[in-house]
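Working notes, beginning with the structure itself.
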Amino acid sequence: MNPVLARPGVAATGLIGLLGMTVYVMMQPFNSLDRLIQGIVSHMQNGLMTALMKVITLVGNPGGVLLLMAILAVVYWRQHKRFESIWVLTTVIGGDVIAEVIKTITARARPTHQLVPDTGFSFPSIHTLSAVMLVFLLLSLLKKGAQGVIAARSLAVIWIFLVALSRVYLRDHFPTDTIAGVFLGLFWWGTMAYAFHQTMLRVQANAFLVKILPNQAND
């Protein structure tokens, strides 16, 4: 595994965006940005679109993403890749925990007239967060220089957009909830990916020292 976007700048961008969006929503729970986007989305409504959005939100269910991550963690564990296994679980569960804490702090009610009933607080969208974490993980499994990387990245962006759109379309979230979900995903993934790379560098450095130090002693 080679986690993508393992740069402090990614985490910093996500954190700044998340904090800004959180303050904005807490100060203006019913704001013009949400109304603008909701108005645009409302003009898209028809029977076929509703059916499609229901399928997308079902496929993007956070529980399903967690299950996939758990399966991958088990695979890594059976391959004796303990660090990778623990990292995968920590990444997905940690993101969900942070989201739940923010939900409790902001205590934002969900939109009314939901097309697919959902419970709990609205901000941020865990569906959108899970979509971000999933696509970044899948991209991280691709080998460097592999064919189709550009296409995979394009599909990743499209999937995140579709999941976010489905949550707004079905009136389970405000648009700002989904935007915050993306920022939270960038922050947490960037943080964990950077930690992954730094840890692996230290492991490789220690292994190198173990190899050369006995040789130096023999010399």
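The values are calculated or read from the model by the stated rules, or taken from the named source; none is laboratory data. All of these numbers come straight from a predicted model, not from anything done at the bench. Using ideal geometry, Cβ is built from the backbone for each residue, glycine included, and neighbour counts are taken over all protein chains shown. Surface accessibility is based on the protein's heavy atoms, side chains included, excluding ligands, DNA and RNA. Shrake-Rupley method; radii C 1.70, N 1.55, O 1.52, S 1.80 Å.
Considering each residue of the range 140-158, count those that are out of contact with any helix residue (DSSP H, G or I) (no Cβ under 6 Å at 6 or more places or on another chain) and either on the phi > 0 side of the Ramachandran plot or surrounded by 17 or more Cβ atoms within 10 Å (Cβ to Cβ) (or both), and give that number.
Here the count works out to 3.
Please go through the range 25-57 and give me each residue that is under 21 Å from the mean Cα position of the chain (by Cα) and either buried (at least 16 other Cβ atoms within 10 Å of the Cβ) or at pLDDT below 95 (or both), ordered by number.
Val25, Met53, Ile56, Thr57
Between a residue in the range 61-81 that is within 21 Å of Val163 (Cα to Cα) and any residue that is exposed (fewer than 15 other Cβ atoms within 10 Å of the Cβ), which pairs come within a Cβ distance under 6 Å, given they are 6 or more apart or on different chains?
Correct list of pairs: empty, since none qualify.
Please go through the range 58-92 and give me each residue that is loosely packed, with under 11 Cβ neighbours inside 10 Å and of a type in the set (S, T, N, Q), ordered by number.
Gln79, the sole residue that qualifies.
Mind listing whichever residues of the range 93-120 are open to solvent by 70 Å² or more (accessible area, probe 1.4 Å), within 19 Å of Leu66 (Cβ to Cβ) and not hydroxyl-bearing (Ser, Thr, Tyr)?
Listed by number, the residues that qualify are Ile93, Val97, Glu100, Val101.
Assess whether Leu19 counts as being modelled with pLDDT of 95 or more and among the aliphatic types (A, V, I, L, M).
yes
Tell me which residues, restricted to the range 112-136, are assigned to a helix (DSSP H, G or I) and without any contact (Cβ under 8 Å) to a residue 40 or more places away in the chain.
Residue satisfying the conditions is Val135 alone.
Could you please let me know if Phe196 is closer than 23 Å to Ala51 by Cβ and touching an Asp or Glu at 6+ places or on another chain (Cβ under 9 Å)?
Taking the combined requirement at face value, the residue does not satisfy it.
Of the residues Phe123, Phe136, which single one is farther than 14 Å from Ala99 by Cβ and open to solvent by less than 30 Å² (accessible area, probe 1.4 Å)?
Checking each option against the conditions leaves just Phe136.
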